1. Of (1) in a loop (DSSP other than H, G, I, E, B); (2) surrounded by fewer than 20 Cβ atoms within 10 Å (Cβ to Cβ); (3) under 18 Å from the mean Cα position of the chain (by Cα), Arg343 satisfies all except one. Which?
2. Right, Asp352: touching a residue at least 60 places away in the same chain (Cβ under 8 Å) and under 29 Å from Leu247 (Cβ atoms) or not?
3. What do you reckon, is Ile111 outside any loop (DSSP other than H, G, I, E, B), among the β-branched types (Val, Ile, Thr) and in contact with a Leu (Cβ under 9 Å, 6 or more places away or on another chain)?
4. Determine, yes or no, whether Val172 is farther than 30 Å from Gln478 by Cβ and either within 15 Å of the ligand (Cβ to nearest atom) or among the acidic types (Asp, Glu) (or both).
5. Confirm whether Lys252 is charged (D, E, K, R), at pLDDT below 95 and part of a loop (DSSP other than H, G, I, E, B).
6. Would you mind finding the one in Gly129, Gly97 that is within 13 Å of the ligand (Cβ to nearest atom), closer than 20 Å to Met164 by Cβ, in contact (Cβ under 8 Å) with a residue 12 or more places away in the chain and part of a helix (DSSP H, G or I)?
7. Hey, Thr218 hits all of (1) within 29 Å of Asn495 (Cα to Cα); (2) in a helix (DSSP H, G or I); (3) in contact (Cβ under 8 Å) with a residue 24 or more places away in the chain but one; which does it fall short on?
8. Do we have Gly142 as buried (at least 21 other Cβ atoms within 10 Å of the Cβ) and part of a helix (DSSP H, G or I) here?
Amino acid sequence: MKDILTELESRRADARLGGGQKRINAQHGRGKLTARERIDLLLDEGSFEEFDMFVTHRCTDFGMENQKPAGDGVVTGWGTINGRQVYVFSQDFTVLGGSVSATHAAKICKIMDKAVENGAPVIGINDSGGARIQEGVDSLAGYGEVFQRNIMASGVVPQISVIMGPCAGGAVYSPAMTDFIFMVKDSSYMFVTGPDVVKTVTNEQVTAEELGGASTHTKKSSVADAAFNNDVEALAEVRRLVDFLPLNNREKPPVRPFFDEPDRIETSLDTLVPENANTPYDMKELIVKLADEGDFYELQEDFAKNIITGFIRLEGRTVGVVANQPMVLAGVLDIDSARKAARFVRFCDCFDIPILTLVDVPGFLPGTTQEYGGVIKHGAKLLYAYGEATVPKVTVITRKAYGGAYVVMASKHLAADFNYAWPTSEIAVMGAKGATEIIHRADLGDADKTAQHTKDYEDRFANPFVAAERGFIDEVIQPRSTRKRVSRAFASLRNKKTPMPWKKHDNIPL
Ligand code: HXC
């Protein structure tokens, strides 16, 4: 028995060494952790239970029968994050470049199947040279099996991808179908075709970092939701994110202890909105002042900054926040901000996370770039996402809510549950100046008359009361008591159930 146990330990030690100390040193030399070190940081200490440590590939081509590393380039299993179960796979770049063989893919599929059966999130750490070239179509088939599971798991359990090395070619499509993508600056990249192919086909010269690095994907493409300085920081932030999320679509998000009174009054909010309607202010100040302990987890922070998305807690319960940001493009809606917010709203709705919408929106951004880019369809995504969302929806208009954008931003007409407005709100088809120029065009040459018309329009519509008279606004509230009002609104909606007509699935404008 002793010999058998020694043999087991020796095999385990061999498997844990992955591609060997030399390659581990090379990995560290690039500022990257190994697959196992990453799992250790991600999960609660000592909680990792590994599957398939001794799995090897079955390829016999190109001399592969002579190199059969235990585990086949990916470490898989489950563990806990602050006591809550998650499944994880972590590709091991030290083993054949983390390349994906049929068996490597099968290991990933196994934990994905278990995650769906047991209702726990899947966290995938990607660091791979892509399809195992020696295996040909077997490797591609393996990717296909993973893709199919990504699709089946979508909306059932949260899926988080952490890109910590190469992720190229068709391999990018697995992370692309997950709910969140995190990247590490300077050591990770994602692209469908690499710099060499780009040079040949389009004659563009770009580095891998420029083409698909963390900065590109968080600022330009919006493929990634956040970028971090190193592996340690990225993994700590995944833990923080998981704390906001339910484990699956059948359970509520976790309730955390909170030390912040739900009816905390914030007098400073009474002066947040400047007197001049064209002066910007920082909507993040409102978000932070509403949140339990001021804790705001922002997503896509560097993309489409005219809209803000992220999670807070109210009375210890997760709330998704969507907010126009008057500091950037006056908080206007455009293609990028509509897409960003629509995807976030849909995530919240999948996982029963209530949505708080903070509105200060002058309308949609005009211009050929927007129209040619399909702002009609992209704007419709946000409208559609709000309208189909059945989670509790509470909306607070702080200042402008003009035109179509008023309707889009979780208005009463899109089945929001509570619609509040600050006394500073202006709910109208457009601003007073624009309105006057259209309906009193004949008087445009007369400055006095135009000023009077503008004032008349402002008196009539630059307030929340017309909408409140019609019940489109449930209550005009004091800015200082917003946290209390919103917390109570969500508390009253905890048992909300909304029956929906039968359909196979919807057809959101794509
Ligand atoms: C087999 C691979 C591999 C792969 C790397 N390795 N990629 N083995 N299949 N795809 C091996 C290398 O041979 C090497 O083995 C070790 O991993 C480390 O690789 P290096 O090249 O030394 O590392 P580095 O210089 O850091 O370069 C990393 C790399 C490069 C940029 C990822 O290895 C590379 O270009 N690999 C090929 C990428 C690729 O074309 N993949 C297929 C993409 S198509 P030794 O023994 O020397 O240490 C694809 C389709 C998916 O993925 C489709 C899904 C539908």
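The values are calculated or read from the model by the stated rules, or taken from the named source; none is laboratory data. On a predicted model such as this, the values are computed, not experimentally measured, just so you know. A quick note on method: Cβ atoms are made from the backbone with ideal geometry, for glycine too, and the neighbour counts reach across all protein chains shown.
1. If we test Arg343 against (1) in a loop (DSSP other than H, G, I, E, B); (2) surrounded by fewer than 20 Cβ atoms within 10 Å (Cβ to Cβ); (3) under 18 Å from the mean Cα position of the chain (by Cα), just (1) comes out false.
2. yes
3. So Ile111 does not fit the description; no.
4. It is true that Val172 is farther than 30 Å from Gln478 by Cβ and either within 15 Å of the ligand (Cβ to nearest atom) or among the acidic types (Asp, Glu) (or both).
5. When the stated conditions are applied, Lys252 passes them.
6. Gly97
7. Here Thr218 meets the rest and fails (1).
8. Considered against the rule, which asks whether it is buried (at least 21 other Cβ atoms within 10 Å of the Cβ) and part of a helix (DSSP H, G or I), Gly142 comes out as yes.
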